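Here's the structure, in structure tokens; my notes come after.
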Amino acid sequence: MTEPKKNKAKFYNIMAIVAIALFIIPQTRTPIQVLLHKGLSYINGSSLIDKEDQENVANVSWELLSETNEHFDLKDTKGKVVLINFWATWCPPCIAEMPSLQELYNDYNDKVIFLFVTNEDFETVNTFKLKKAFNFDVYQPISAPPEVLTTRSIPKTFIIDKRGAIVVEESGAVNWNSETVRNQLDDLISE
């Protein structure tokens, strides 16, 4: 092997070792994962579910508790557009999409019911929100979610129309502050 090829091979080997080390070290792993998921969120978009495949959760009771100790029941959202996001503070794809959800919340929280649902304790959540300057309300489930809203992975986001039909169901990080999502919400609000 010629000298330039040897140097190139050494360089690639060193870069691979550095990349592996960065993923192993906890202090660098999470920020790198968040950055990767943020990039993927611009590829992974929100799309409407075909009408014949939409499931309905109207009149389904699902009790939640807010961080301000208020009870909330999903059945009380009839006639309103609802965005439900299952997330956690330790989840890199959740962290990656959260700024776009905050921006959407800032513009639509008076027209859409946002339910940010987590199983984490409110102290951990509030510390995270304060650090990241997020101001949305967070909820913990009191009862089990309806089967159609049950998820085994996070983040998982649902958008429910005024009739109670699930019109969007997305897993993984998504750029929720996109023109596509805003148009979807505007259309749902105007129905």
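Read-outs: derived from the displayed coordinates by stated rules, not from any lab. Since the model is a prediction, treat every value here as computed from it, not as a measurement. Here the Cβ positions follow ideal geometry from the backbone for every residue, glycine too, while neighbour counts run over all protein chains shown.
Counting only Cβ charges, +1 for Lys and Arg and -1 for Asp and Glu, the dipole size of segment 35-174 around its Cα centre is about 240 debye.
Does segment 150-191 come out rounded, prolate or oblate, given a ≥ b ≥ c as the square roots of the eigenvalues of its C-alpha gyration tensor, rounded meaning a/c under 1.5 and, failing that, prolate meaning a/b above b/c? Working shown, then result.
Values: a/c = 4.36, a/b = 1.35, b/c = 3.22.
Oblate, since a/c reaches 1.5 and b/c is not below a/b.
Amide H to amide H distances under 5 Å link Val117 with Asn85, Phe86, Trp87, Tyr139, where only residues 5 or more positions off or on other chains count and H is placed in the peptide plane.
Loop-resident trypsin sites (Lys or Arg not before Pro) (DSSP state other than H, G, I, E or B) in segment 88-135 with no more than 16 further Cβ atoms inside 10 Å of their Cβ: Lys111. Separation of the alpha carbons by more than 22 angstrom is noted, of Lys51/Lys78; Lys80/Lys129; Lys51/Lys156; Lys75/Lys131; Lys132/Lys162; Lys51/Lys80, for Lys80/Lys129; Lys75/Lys131; Lys132/Lys162.
Computed from the alpha carbon positions, the gyration tensor of segment 41-190 leads to an equivalent ellipsoid with semi-axes of 21, 19, 14 Å, biggest first.
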